[in-house]
1. Residue 18: surrounded by 15 or more Cβ atoms within 10 Å (Cβ to Cβ), of a type in the set (Phe, Trp, Tyr) and at pLDDT below 95, yes or no?
2. Kindly establish whether residue 85 is over 14 Å from the mean Cα position of the chain (by Cα) and among the small types (Gly, Ala, Ser).
3. Go through the residues of the range 44-60 one by one and say whether even a single one is under 21 Å from residue 129 (Cβ atoms) and assigned to a strand (DSSP E or B).
4. Go through the range 190-212 and give me each residue that's in a helix (DSSP H, G or I) and free of Cβ contacts under 8 Å to residues at least 40 places away in the same chain.
5. Those residues that are touching a residue at least 12 places away in the same chain (Cβ under 8 Å) and part of a loop (DSSP other than H, G, I, E, B), I need them from the range 169-179; list them, please.
6. Does residue 98 satisfy the condition of being farther than 15 Å from residue 141 by Cα, under 15 Å from the mean Cα position of the chain (by Cα) and part of a loop (DSSP other than H, G, I, E, B)?
7. Six or more apart or on different chains, Cβ atoms under 6 Å: show the pairs whose first residue is in the range 38-65 and farther than 13 Å from residue 82 by Cα and whose second is at pLDDT below 95 and not in a loop (DSSP other than H, G, I, E, B).
8. For the range 143-151, state whether one or more residues are in contact with a helix residue (DSSP H, G or I) (Cβ under 9 Å, 6 or more places away or on another chain), among the charged types (D, E, K, R) and at pLDDT 95 or above.
Amino acid sequence: MLTPVADGLWCEPRSLRFLGVETGTRMSVVRLQDGGLFVHSPVALDDATRAAVDALGPVKALVAPSLFHHLYVGEWIAAHPRAVACHCPGLEKKRSDLRWDRALGDEPEPEWKGELDQVFFGARSLENEVVFFHRASRTLLCVDAIFNLHRHPSRFTRLVATLLGNREPGSTWLERLLIRDRAAAREQVGRMLAWDFDRIVLSHGALVETGGHEVLRRAYAWL
């Protein structure tokens, strides 16, 4: 179900398996000041979800923030043809079957400028994630930059999380292998840490309700 997280911010978690592991996923919806909706990492669009979102306002922007978070964007584009469809760098090649309007970068788009800030976390080139900061709720919106699977209900998922070093909300040891340009990563994470956020909404695992700034700092302190 679409659940309120803060004033003007809702989330909907869904079950999802990745390489046989139940990691879950999560969509976020932000109501902008003009009443339009910013839909981040859309989940499958069933009738109940569409009704719940449409009741909040018109969908203004659809955002696929990572190379791995795009599976259901096409359904949302078809259902909301007036919404601007935005993708992380590189996704337009992976999903050339979809109608895209904008490629995301470090600068907020006009539809959400002044309300959401963003950083292209390009040093994590496997995902090319664009991370967002919702100023009004002091919330970091990410998908893969932070994981929180160490207390997942699935015993197997908890085991995999432990093997990957995800023993608390944060990154995994895979980042140390995948991030080649540490200087760029430090700079990009540094710009995120300049934001005044407390909560982290992430895709894989429970939300970080408070203390999120320290979670992000600790997760990438090795850079």
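1. On the way: surrounded by 15 or more Cβ atoms within 10 Å (Cβ to Cβ): no; of a type in the set (Phe, Trp, Tyr): yes; at pLDDT below 95: yes.
Answer is no for this residue.
2. Answer is yes for this residue.
3. Of the residues in the range 44-60, the ones under 21 Å from residue 129 (Cβ atoms) are 44.
Keeping just the survivors that are assigned to a strand (DSSP E or B) gives none.
Within the range 44-60 (the criterion being under 21 Å from residue 129 (Cβ atoms) and assigned to a strand (DSSP E or B)), the answer is no, since none of the residues qualifies.
4. First, the residues of the range 190-212 that are in a helix (DSSP H, G or I): 190-193, 212.
Selection gives 190, 193.
5. Going residue by residue through the range 169-179, those that are touching a residue at least 12 places away in the same chain (Cβ under 8 Å) are 169-172, 175-176, 178-179.
169, 171, 172, 179 - these are the residues of the range 169-179 that are touching a residue at least 12 places away in the same chain (Cβ under 8 Å) and part of a loop (DSSP other than H, G, I, E, B).
6. Numbers: farther than 15 Å from residue 141 by Cα: yes; under 15 Å from the mean Cα position of the chain (by Cα): no; part of a loop (DSSP other than H, G, I, E, B): yes.
It is false that residue 98 is farther than 15 Å from residue 141 by Cα, under 15 Å from the mean Cα position of the chain (by Cα) and part of a loop (DSSP other than H, G, I, E, B).
7. Partner pairs satisfying both residue conditions: 43/14.
8. Of all residues in the range 143-151, those in contact with a helix residue (DSSP H, G or I) (Cβ under 9 Å, 6 or more places away or on another chain) come to 145-151.
Within this subset, residues satisfying the condition of being among the charged types (D, E, K, R) are 151.
Next cut, at pLDDT 95 or above only: none.
Among the residues of the range 143-151, not one is in contact with a helix residue (DSSP H, G or I) (Cβ under 9 Å, 6 or more places away or on another chain), among the charged types (D, E, K, R) and at pLDDT 95 or above, which makes the answer no.
The values are calculated or read from the model by the stated rules, or taken from the named source; none is laboratory data. Quick caveat, the model's predicted, so the values are computed rather than measured. All Cβ positions, glycine included, derive from the backbone under ideal geometry; neighbour counts span all protein chains shown.
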